[in-house]
């Protein structure tokens, strides 16, 4: 049964957002009701789609020439899925299929490997081999009225040199004497002043796609995406950054921080700080956190929330050093910066969770705060992951104290003092 919603409530215009609508029909003398849509933008209590429950069935998709299984819902309205394999199964069935096909060696750190979530799989059996009943491609349109907001994405896969990764640094300390900053590396935890190697991270492209597609499902637009060669490091520097023009920005990089006796960065008021590797062709350059000037043109226009998905992106000691030296990578209109004080791990599932929890909630329509969605998305993605012994993941959020309770639906203009908080995620 085809039905296109006109975006009104019985002819009455509604605020922009994502809504549920109900279709009643009579078939063979029996009445039935079909529910379509996503998170409720209006009143009432919409039903839960139960995306992540273990028992309920949902639609899954496998793109041509791929064996990765993803929820069909992450593809935006109008996306051409004619050549996809689409089938119905419960998340637990898909997880079992993916786990059976994925080698244990895929679960490695973001500093040296990747973590593939259960539902994206790692290879082996294709969904086309499953005996699934025929299923519809998708409803004729997504029940979205208007645009909820905008997101920007910057990601580097470090594949300019194939499997060799990209060399980055050394990093001049700003004195003009040819002296270099000592940064943390897994091989030299007490500090390394030489060049560092950043392993390939092709998973960043899958993560970015998962987040964008899921946010688009919930009514967000993605006017800015820069991946690999599309990314200019200068686009992340200064107040003129194009990322200051979207509501939420996400960057995915390798990250490190200044450590040891040579960690002082004289190019940034003699503080210790964080650095992110950004590739340029076959070589990488460090982006100083101090070079960013995050925030829109007003408390309500432009960038409010930035996610820096990189190891040590908000390392506590160095963040405190920046604050004490008056080095602020944000303006007075910025709400929150989300990152980590430890290593991070790749996972498409954490990005699916993050988008869903912010826009809808977990099991019923009850959107999380942005901060709690960030924590819970990672917790749920990694809680059953066979990560190596000794692995610790602690996320961090720095932001205006008035904005710590921000949601995508309701947020408070900055007006307090900035604070730094953290949340252990794993184990």
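Once both labels are positioned 7 Å from their Cα atoms along Cα-to-Cβ, the gap between residue 172 and residue 328 label points is 2.9 nm. Fully extending the segment from residue 320 to residue 366, taken as 0.36 nm per residue of separation minus the present Cα-Cα distance, adds 13.2 nm.
Here the stretch 297-319 and the stretch 252-276 have alpha carbon centers that stand 16 Å from each other. Could you check the spin-label model distance between residue 412 and residue 79? Points 7 Å from the Cα along Cα→Cβ, value in nm. It is 3.6 nm. Per-residue extension of 0.36 nm, minus the Cα-Cα distance of residue 16 and residue 402, leaves a gain of 136.4 nm for this segment. Rounded to whole Å, give me the distance from the Cα center of the stretch 327-389 to that of the stretch 147-180. Result: 22 Å between the Cα centres.
Between residue 179 and residue 421, the simple spin-label model (points 7 angstrom out along Cα→Cβ) gives 3.9 nm.
Were the residues from residue 63 through residue 225 laid out at 0.36 nm apart, the gain over their Cα-Cα distance would be 56.2 nm. Every pair of different Cα atoms in the stretch 266-376 enters the Kirkwood calculation, which places the hydrodynamic radius at 15.7 Å.
Neighbour counts of other C-beta atoms within 10 Å: give me 251, 327 arranged from fewest to most. Intermediate results must be reported in sequence, preceding the final value.
Details: 251 27, 327 19.
Listing 251, 327 from fewest to most nearby Cβ atoms yields 327, 251.
What ratio of Cα Rg to 2.2 N^0.38 Å holds for the stretch 149-426?
On the way: Rg = 17.7 Å, N = 278, 2.2 N^0.38 = 18.7 Å.
So the Cα radius of gyration is 0.95 times the expected 2.2 N^0.38 Å.
Taken together, the values in this text are just the output of simple stated rules run on the coordinates, not laboratory data. Note that this is a predicted model, so its numbers are computed, not measured. Methodologically, a virtual Cβ is constructed for each residue, glycine included, from the backbone with ideal geometry; neighbour enumeration extends over all protein chains shown.
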